[in-house]
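Quick notes on the structure that follows.
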Amino acid sequence: MSEMIGAVAQEAMEEVDAVVVGAGFAGLYMLHLLRDKLKKRVAVFETADGVGGTWYWNRYPGARCDIPSHHYSYSFSEELQQEWTWSEKYAAQPEILAYLNFVANKFDLFRDIHFQTAITSAIYDEASAKWTIQTSAGKRILAKFFIPAVGTLSHANIPKFKGHDSFRGDVYFTGHWPKEGVNFKGKRVGIIGTGATAMQAIPLIAEEALHLTVFQRTPNYAAPLMNAPMDPVLDQQAKAMYPELRRQAWDSFAGVPFERLKPSALEVTHNERVAHYEACWNDGGFSLWIGSYQDILFDKRANETAAEFVRGKIRARVKDPAIADMLCPPVGQTYGTKRQPCETNYYETYNRDNVTLVDIKKAPIEEITETGITTTDASYEFDCLIYATGFDAFTGALFKMDIRGRNGQMLKERWSAGPRTLVGLAAHGFPNMFTITGPQSPSVLFNMPLGIEMHCEWIAECIEHMSENGVASIEANEREEDDWIAHVKEVADASLLPEATSWYLGANIPGKPRVFMVYLGGGKHYKDVISTIAHNGYTGFTLDRQQRLTDAPESVPTA
Ligand code: FAD
Ligand code: N01
């Protein structure tokens, strides 16, 4: 028996240079860079049985990106950019998933990904400057670097209503949608939530179901996506000018260029402003939100002009004025301070006879019953219940793992009053751990594939620097971490965004500290900040050359 345990232990303590957790956009590129560029030994672990991350899990009807496909893609390989052709202006989930599988095949990534294996804990040992990482398969792995690429929107928020387990019909979670799809034909369906996810799913489910009941707590301001099949001429143009397209993206605030952006909604006449909003509305996507006037996210009066414009659009599209009223966010609820959902036929869906909108702010959900939902006003019955209730963003997936840094300190405890990072890449007390598009970086307020590339490249460069200079560990300094946290707050506080009860602040999760988690300084400026840190020899970090490097090879010999 003891021999057996010994054998298991020996087998279990495999050693690699880096463990990467997650095989979405971030994990895939991190693997490619570390293994193929730096020749490191890398093991990737992924809970799912395939690559894709967000695009593996979110298979609900209507799931698609809200950044044009030519932008919502990797830029690191010109060959890849030329080889892949998008079929729609905004690609749908199956196509993005196919793209990520194509990438994984093209760069031969599958062989280093352990699927259906979750990382449950990661414990840092200061003496060896290494992490011991535990998998759900009972394996332990030793790694110099621990890189959780676990996603900012990957840990579902499932509210625990009274009786939440009682419903006898089928229950679906948008962030964990069945691979085989769901047939709602002839079914009475209930859906909780009216965020970006629900707004994509509701119009399609309503077309199929016998009846759909939507439970709305907070009305949202949405703008039309204006999706369309890819015009082959435009596709050829984009392919011919990809470097320029990416340069424009980097020069913009959010990693997507908007040509109509003007400084102030308050410096123009009413008619000029409305005409401008109209043009942005017709452009679709985020054009109204981050491509119309710069001050709408900073000045309440400017914001209200955009808010009222959207309310007007909702009223024009919804026939029943009472339902339109329920769908219109009231004056005082600022526009765009939550991520603006993009929709296709969302508002028209409420003109259908088979759709009921229930205001659960007025009459909250009391309980989930065997047959449906009871609010303080009425009971509703269905065959299927869908939770489109969002995510425990930024920290949910990190805290699900037991991460312990120096002196056994738990990440969850260290961050109990909110995330603590230096430039959103590293945390004091957690040496040789890097987060990708994590809290306090531009993250979800930047084109994520580009933000992911920026972070992966910074991390790879840092690891290369460490190898070349015999550095055993790198750790964010507490003082510079404090400075960065204060800076992130200061920049956010200059905007209206921290006022909303959004997931950017953790306000959607009961008990979560309300701290604005995104760096709003813009991707380009942020890139300058982190590049300067690297080029000045990692200012704000402590690089420890003292630690004894253990015998394990640091890199795989080049073939
Ligand atoms: P993810 O894609 O979330 O991948 C993380 C992976 O880590 C997951 O597969 C998960 O299973 C795995 N994982 C987590 N914990 C563990 C663990 N302990 N052990 C093993 N594996 C683990 N962003 C945009 O910029 N534009 C868009 O249009 C856009 N659309 C979106 C639409 C939806 C429906 C959602 C939910 C998000 C969208 N986003 C968008 C954000 C999107 O999450 C990112 O663009 C990007 O896909 C994130 O990639 P990632 O690799 O960082 O994380
Ligand atoms: O999540 P959300 P999401 N009782 O948190 C409601 C990306 N994304 O999955 O607003 C009752 O926005 C909640 O109500 P309220 C994008 O970044 C992109 O829709 O908190 N209701 C809300 O209506 C997006 O921002 C796309 O009052 C409860 C809804 O559930 C992010 O993912 C598509 C509740 C959750 O909305 C998250 O979007 C999809 C409760 N206890 C997602 N708890 C694109 O278009 C929550 N709700 C690219």
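The values are calculated or read from the model by the stated rules, or taken from the named source; none is laboratory data. Quick caveat, the model's predicted, so the values are computed rather than measured. Reconstructed Cβ throughout: ideal geometry from the backbone, glycine too, with neighbour counts over all protein chains shown. Ligands, DNA and RNA are excluded from the accessible area calculation, which covers all protein heavy atoms including side chains. Shrake-Rupley method; radii C 1.70, N 1.55, O 1.52, S 1.80 Å.
Could you tell me the calculated FRET efficiency between Asn282 and Gln546, based on Cβ-Cβ distance and R0 = 45 angstrom, to the nearest 0.05? Write out the running numbers ahead of the final one.
Numbers: r = 61 Å, r/R0 = 1.37.
E between Asn282 and Gln546, to the nearest 0.05, is 0.15.
With charges set only on the Cβ (+1 for Lys and Arg, -1 for Asp and Glu), what does the dipole of the chain come to about its Cα centre, in debye to the nearest 20?
Computed charge dipole of the chain: roughly 640 debye.
At 1.4 Å probe size, put His114, His71 in order of accessible surface, largest to smallest.
Listed by decreasing accessible area, they come as His114, His71.
Across the range 356-457, how large is the tail of the calculated P(r) beyond 17 Å, expressed as a percent of all Cα pairs? Don't skip to the answer; put the middle values down first.
Details: 3332 of 5151 pairs.
Value for the range 356-457: 65 percent of Cα pairs lie more than 17 Å apart.
Can you work out the base-10 log of I(q)/I(0) for the range 264-411 at q = 0.14, 0.15, 0.20 1/Å, using the Debye formula on its C-alpha atoms alone?
-0.89, -0.95, -1.25
Taking the C-alpha atoms of the range 1-147, how large are the radius of gyration and the largest Cα-Cα span, Dmax, in Å?
17.6, 60
Counting only heavy atoms of the protein chains, get the accessible area per residue of the chain (1.4 Å probe) and round it to a whole Å² value. Intermediate values should be presented prior to the final figure.
Details: 23360 Å² over 559 residues.
Result: 42 Å² per residue.
Which stretch or stretches of the range 314-337 have amide N atoms under 20 Å from the point lying 7 Å from Phe298's Cα along the Cα→Cβ direction?
Output list for this probe position: 334-337.
Which peptide among 330-340, 384-394 comes first, and what is the full order, when sorted by highest mean count of other Cβ atoms within 10 Å?
In descending order of packing, they fall as 384-394, 330-340.
On a full-extension model of 0.36 nm per residue, what is the gain between Glu366 and Glu180, subtracting their alpha-carbon distance, rounded to one decimal in nm?
Fully extending the segment from Glu366 to Glu180 adds 63.7 nm.
Kindly give Rg over Rh for the chain, based on alpha-carbon atoms, with the Kirkwood expression for the hydrodynamic radius.
Checking Rg against Rh, the ratio lands at 0.97.
So, R0 is 45 Å and r is the distance between the beta-carbons of Glu207 and Gln236; what FRET efficiency does that work out to, to 0.05?
On the way: r = 34 Å, r/R0 = 0.75.
Given R0 = 45 Å and the Cβ-Cβ separation, E is 0.85.
Give, in nm to one decimal, the length gained when the segment between Trp250 and Ala275 is fully stretched (0.36 nm per residue of separation minus the Cα-Cα distance).
Working it through step by step, the gained length comes to 6.2 nm.
Under a 5 Å amide H to amide H cut-off, with H placed in plane at 1.01 Å, what residues pair with Gly336 once short-range neighbours are removed?
Tyr221
Out of all DSSP beta bridges with both ends in the chain, state the antiparallel percent to the nearest 5.
Working: 26 of 65 bridges.
Just about 40 percent of them are antiparallel.
Just need log10 I(q)/I(0) for the range 180-296 at q = 0.15 Å⁻¹, Debye formula, equal scatterers on the alpha-carbon atoms, no solvent, rounded to two decimals.
Values returned for q = 0.15 Å⁻¹ are -0.91.
Just to confirm a number: summing +1 for Lys and Arg and -1 for Asp and Glu over residues other than Lys300 whose beta-carbon lies under 13 angstrom from that of Lys300, what do you get?
Neighbourhood net charge equals -4.
Can you tell me the convex hull volume per residue for the range 371-420, based on C-alpha atoms, in Å³ to the nearest whole number?
In the range 371-420, the Cα convex hull volume per residue is 135 Å³.
Would you work out the charge dipole size for the range 170-387 about its Cα centre, treating the Cβ of every Lys and Arg as +1 and the Cβ of every Asp and Glu as -1, and quote it to the nearest 20 debye?
360
More than 22 angstrom separation, counting every C-alpha pair in the range 428-559; what % is that?
45
So how far apart, in nm, are the two label points at Asp353 and Ile158 if each is 7 Å from Cα heading toward Cβ?
Each label point is offset 7 Å from its Cα along the Cβ direction, giving 3.7 nm.
Any chance you could list the semi-axes, whole Å, largest first, of the equivalent ellipsoid that the Cα gyration tensor gives for the range 170-387, using √(5λ)?
On the way: eigenvalues 236, 105, 42 Å².
Value: 34, 23, 14 Å, ordered largest first.
Which value at 222 nm does the chain reach when only helices count, each DSSP H run of 4 or more adding -39,500 (n - 2.57), with the total divided by all residues and rounded to the nearest 500 deg cm²/dmol?
Taken over the chain, the calculation gives -9500 deg cm²/dmol.
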